[in-house]
Amino acid sequence: MRKKIVAGNWKMNMDLTEGAELVNEIFKGLPVLSEDKQVVIAPPYLHLTQTASQLTGMIDVQLGAQNCHSEASGAYTGEVSASMLKSAEVAYVIIGHSERREYFKEDSTTLGKKVNQVLSNDMKVIFCCGEPLDIRDAGTQNTYVEGQIKEGLFHLPESQLANVVLAYEPIWAIGTGRTATSAQAQDMHAHIRSVIAAQYGGDAAANMTILYGGSCKPSNAAELFACTDVDGGLIGGASLKAADFLGIIEAMADL
Ligand code: PGA
């Protein structure tokens, strides 16, 4: 059975004190989760060792990173490699977030290399895809997202795909307060699953966790997560407030 996941992407927010407090607050309110459910917290790099020590012994909550470099090591000033993340007890790495694609010009070739770095260091990838508003308005979002998935992931053998989680994040919904409707999310998630099935077969598709991201909050999480092909969420803004993040985790816990 595929896992349900709620992952918090703090982006470039929180100093170390605020981050430690947020994690403590989340712990205080964390509901009991069944084995098929997982929470991921992805703070900025600087927080990782601190957050890792707070998470020691936790199974329900795993550590995530927001990015890694595409090469294994070397003269890349300011960058962080996948093996460094592994040594900091990171379990999941977000790759291909639309902000990375847009502001840091990360293309499919780079993203494919990053995916390989994460997987070869025995961590899991949260691979983001999603269309901008003009593509949605033109009605070509399925082809667009399919292209992102093929270019970033289809070089992988099926055995590796088991360590990939997908996150569908329509760019027009990220940080805008404009969420995709549950019908829009379900349609795209079903499409993504069919794309995986066509390449890797029905079992691989059925086992693939596909998260929704984009203005997900406690008030809409239950409806989104109730969709057949939506297996949880990648949460930005609402992951920065313990009460909101816990509200979203509750929506997953109730499934
Ligand atoms: P948001 O961000 O929840 O603030 O819309 C989602 C994301 O970018 O992962």
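Read the figures in this text as sums done on the coordinates, not as results from a lab. Values in this document were obtained by computation on a predicted structure and should not be read as measured data. Counting neighbours? That spans all protein chains shown, and the Cβs are built from the backbone with ideal geometry, glycine included.
Quick notes on this one:
- In the range 215-255, the residues that are more than 15 Å from the ligand (Cβ to nearest atom), under 19 Å from residue 183 (Cβ atoms) and among the small types (Gly, Ala, Ser): 222, 226
- Members of the range 60-118 that are in contact (Cβ under 8 Å) with a residue 12 or more places away in the chain and among the aromatic types (Phe, Trp, Tyr): 92
Listed here are the residues, each with its yes/no results for (1) surrounded by 16 or more Cβ atoms within 10 Å (Cβ to Cβ); (2) among the aliphatic types (A, V, I, L, M).
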position: 195; (1), (2): yes, yes
position: 204; (1), (2): yes, yes
position: 209; (1), (2): yes, no
position: 224; (1), (2): yes, yes
position: 228; (1), (2): no, no
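- Residue within the range 37-45 that is in a helix (DSSP H, G or I) and either more than 16 Å from the ligand (Cβ to nearest atom) or touching a Gly at 6+ places or on another chain (Cβ under 7 Å) (or both) present: yes
- Subset of the range 63-101 that is in a strand (DSSP E or B) and in contact with a strand residue (DSSP E or B) (Cβ under 6 Å, 6 or more places away or on another chain) - its residue that is nearest to the ligand (Cβ to nearest atom): 94
- Residue, nearest to residue 157 (Cα to Cα), within the range 68-123, restricted to residues that are in contact with a helix residue (DSSP H, G or I) (Cβ under 7 Å, 6 or more places away or on another chain) and acidic (Asp, Glu): 122
- Summed over the range 151-190, residues that are surrounded by 19 or more Cβ atoms within 10 Å (Cβ to Cβ) and either of a type in the set (A, V, I, L, M) or in contact (Cβ under 8 Å) with a residue 60 or more places away in the chain (or both) total 14.
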